[in-house]
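Participant: Take this structure first; my questions come after.
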Amino acid sequence: MVVLAASIISKSGKALVSRQFVDMSRIRIEGYLAAFPKLVGIGKQHTYIETENVRYVYQPIESLYLLLVTNKQSNILEDLETLRLLSKLVPEYSYSLDEEGIGRTAFELIFAFDEVISLGHKENVTVTQVKQYCEMESHEERLHKLVLQNKINETKDVMKRKASEIDKSKIERNRGDKGGFMSLQSMSSGRIDTGFGSDSGISNIGGNGSGGFGLPPDVDTFSTKSKGRPAASATAPPKGLGMQLGKTQKTNQFLESLKAEGEVIVEDVRPSVGQAKPAAAPLTDPVTLTVEEKINVTLKRDGGLSNFVVQGTLSLQILNQEDAFIQVQIETSGNPAILFKAHPNMNKELFANENILGLKDPNRSFPTGQGGDGVSLLRWRMQSTDESILPLTINCWPSVSGSETYVNIEYETPAQIDLQNVVISVPLPALREAPNVQQIDGEWRYDSRNSVLEWSVLLIDNSNRSGALEFVVPAADPSAFFPISAQFTSSRTFSDVKVVNVLPLKGGATPKHSQRTLLATESYQVV
């Protein structure tokens, strides 16, 4: 069968979308489409019309026609099957089946038509597969967005540090203008004679006691605490202090003043804890197979699992054409909850019987080159309601005490999996200053613009299977600390897909191959 064109036209013959699959001039296809409404008889139930040169296979969709223009030698049964598949795809991309709706989604429909028909011949695909192919998910695009967002966050951190430095210098100048009525000895001792016969305690600033008079400690954007050791409190003055000296301005007030003065802040951006992972290393082995799984999890704050989905792919990248005639033998964990689907071009019987992935036509070769993420050979999906297989569990316990809210968060991981680059993001109510972190296993960062506290742990292994974070904020509704989201990566996957061997089809030595394995979060939340 040869499909010349797939089109959507109005009742009057106006072409809304038309995709030609053979070399054909615009005048010719417009002539075919304009002639079609005149050939359709009133009250006839046929779904095709034949002329001297072509055959029209059509189906009405509301006030429009979905039309295939084929040659007269094509198989009418396959034409009807193609038409049925296209009629299912059109509503998936255009929710309004009128001229305006088709016009808005014209390119999406053309891309979908291309996945169904190739060079005039129907591909063996389903509606679900076509939608998946058209999504065109790009790892490079996601990585670029992560790097860009990290640069924005780091620039904000630099602005805050610079604002804090300017804040210090202004307070130093104000102190110098008022005169040095106290000696360095009184500063280093931490006691000041107030003139009323009593002493008031002043905390030393810096290790040598030479800091500014009454200057409160600066709150770093990133703080690193010893594991399990309470973080030093830098806000509460001693009880009974009659007067608080040197109250600093808030950082956000300085940002506004910088903007008003028109000052430009430039500083080298240093890498942060939450920086995106680097791009994949360039290919060095002739054959590289990548196992990648994405996990979507939704946990309930009071316990329980409402969603757990893992989607995985096995992709192949080949450098040289002489190594492209191969088959790949794999082994899996044998978990019956994991459903595998091979690519339509794969020999499914060979995969089902021997766990070997090879093309249906052994004379064809796999594509070569380093571009993109490679050729997808195998996909799989896993759903579960078993909480015991979760790679990371998070518990949050906010409690209000007087005018403050104490928040305790803990994580736990099973013994069989190690996690890297773990970042747990906790939303906070609107605050005037950073939260008071009293205890933490790892590092923390406060994003004041988005009012989010980020808890980072570079590696979770047998030395830190569980960890805790405790911080204090002004009194707030416990629901303000949800949803908590987490990001992490791991080299251990749920499917445990392993490449056993690479089998050459043209004889000769087995090409050298390597395997890359990655488990990453797509969405991991406690709601």
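Participant: Does residue 65 satisfy being over 22 Å from residue 119 (Cβ atoms) and crowded, with 18+ Cβ neighbours inside 10 Å?
Facilitator: Yes.
Participant: Within the stretch 481-492, which residues are buried (at least 20 other Cβ atoms within 10 Å of the Cβ) and β-branched (Val, Ile, Thr)?
Facilitator: 484
Participant: If you don't mind, there's one more thing I want to ask. Any residue in the stretch 303-314 that is over 24 Å from residue 409 (Cα atoms) sitting within a Cβ distance under 6 Å of a residue that is open to solvent by less than 20 Å² (accessible area, probe 1.4 Å) and part of a strand (DSSP E or B)? List the pairs, counting only those 6 or more apart or interchain.
Facilitator: Partner pairs satisfying both residue conditions: 310/293; 310/295; 310/382; 312/293; 312/380; 314/291; 314/377; 314/378.
Participant: Please note which helices (runs of 4 or more DSSP H) are completely contained in the stretch 98-183 and include at least 2 residues that are among the aromatic types (Phe, Trp, Tyr) and under 30 Å from residue 68 (Cα atoms).
Facilitator: 106-116
Participant: Return the residue satisfying two criteria in turn: it lies in the stretch 97-125 and is without any contact (Cβ under 8 Å) to a residue 12 or more places away in the chain and open to solvent by 40 Å² or more (accessible area, probe 1.4 Å), and of such residues it is nearest to residue 24 (Cα to Cα).
Facilitator: 107
Participant: Only residues that are of a type in the set (D, E, K, R) and under 22 Å from residue 311 (Cα atoms): list them for the stretch 337-370, please.
Facilitator: Result: 341, 348.
Participant: State whether one or more residues within the stretch 116-132 are farther than 25 Å from residue 376 by Cα and touching a strand residue (DSSP E or B) at 6+ places or on another chain (Cβ under 6 Å).
Facilitator: no
Participant: Then there is this: Before we move on, is residue 94 open to solvent by less than 50 Å² (accessible area, probe 1.4 Å), modelled with pLDDT of 85 or more and of a type outside the set (A, V, I, L, M)?
Facilitator: Judged against the criteria, residue 94 is not a match.
Participant: Ok, one more. Suppose we keep only residues that are touching a strand residue (DSSP E or B) at 6+ places or on another chain (Cβ under 9 Å) and more than 18 Å from residue 288 (Cα to Cα) within the stretch 356-371. Which one would you say is least open to solvent (accessible area, probe 1.4 Å)?
Facilitator: The qualifying residue least open to solvent (accessible area, probe 1.4 Å) is 362.
Participant: May I pose another question? Take the residues in the stretch 284-299 that are open to solvent by less than 20 Å² (accessible area, probe 1.4 Å) and closer than 22 Å to residue 511 by Cα; name whichever of them is modelled with the highest pLDDT.
Facilitator: Within the stretch 284-299, the match that is modelled with the highest pLDDT is 291.
For (1) touching a residue at least 40 places away in the same chain (Cβ under 8 Å); (2) acidic (Asp, Glu); (3) open to solvent by 60 Å² or more (accessible area, probe 1.4 Å); (4) within 20 Å of residue 106 (Cα to Cα), each residue gets a yes or a no:
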site	(1), (2), (3), (4)
28	no, no, yes, no
33	no, no, no, yes
36	no, no, no, no
58	no, no, no, yes
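Participant: A further question on this structure: Only one of 164, 169, 203, 189 is small (Gly, Ala, Ser), modelled with pLDDT of 80 or more and surrounded by 12 or more Cβ atoms within 10 Å (Cβ to Cβ); which?
Facilitator: Exactly one residue qualifies, and that residue is 164.
Participant: Of the numbered conditions (1) acidic (Asp, Glu); (2) out of contact with any helix residue (DSSP H, G or I) (no Cβ under 9 Å at 6 or more places or on another chain); (3) touching a residue at least 60 places away in the same chain (Cβ under 8 Å), residue 477 satisfies every one except a single condition; which is it?
Facilitator: Residue 477 satisfies all of (1) acidic (Asp, Glu); (2) out of contact with any helix residue (DSSP H, G or I) (no Cβ under 9 Å at 6 or more places or on another chain); (3) touching a residue at least 60 places away in the same chain (Cβ under 8 Å) except (3).
Participant: Hey, another quick one. Count, please, the residues in the stretch 372-397 that happen to be surrounded by 17 or more Cβ atoms within 10 Å (Cβ to Cβ) and over 23 Å from residue 488 (Cβ atoms).
Facilitator: 3
Participant: Moving on. Free of Cβ contacts under 8 Å to residues at least 60 places away in the same chain and either part of a strand (DSSP E or B) or crowded, with 19+ Cβ neighbours inside 10 Å (or both): which single residue out of 87, 18, 74, 7 fits that description?
Facilitator: Among 87, 18, 74, 7, only 18 is free of Cβ contacts under 8 Å to residues at least 60 places away in the same chain and either part of a strand (DSSP E or B) or crowded, with 19+ Cβ neighbours inside 10 Å (or both).
Participant: Sticking with this structure for a sec: What is the one condition in (1) within 26 Å of the chain's Cα centre (by Cα); (2) under 30 Å from residue 164 (Cβ atoms) that residue 436 does not satisfy?
Facilitator: (1) is the only condition that residue 436 fails.
Participant: Let me ask you something else. Determine whether residue 450 is free of Cβ contacts under 8 Å to residues at least 40 places away in the same chain, surrounded by fewer than 16 Cβ atoms within 10 Å (Cβ to Cβ) and not hydroxyl-bearing (Ser, Thr, Tyr).
Facilitator: Considered against the rule, which asks whether it is free of Cβ contacts under 8 Å to residues at least 40 places away in the same chain, surrounded by fewer than 16 Cβ atoms within 10 Å (Cβ to Cβ) and not hydroxyl-bearing (Ser, Thr, Tyr), residue 450 comes out as yes.
The values are calculated or read from the model by the stated rules, or taken from the named source; none is laboratory data. Keep in mind that what you see is a predicted model, and the values were worked out from it rather than measured. When we count neighbours, we look across all protein chains shown, and the Cβ atoms used for this are built from the backbone with ideal geometry, even at glycine. In case anyone asks, the SASA skips ligands and DNA or RNA and just uses the protein heavy atoms, side chains included. Shrake-Rupley method; radii C 1.70, N 1.55, O 1.52, S 1.80 Å.
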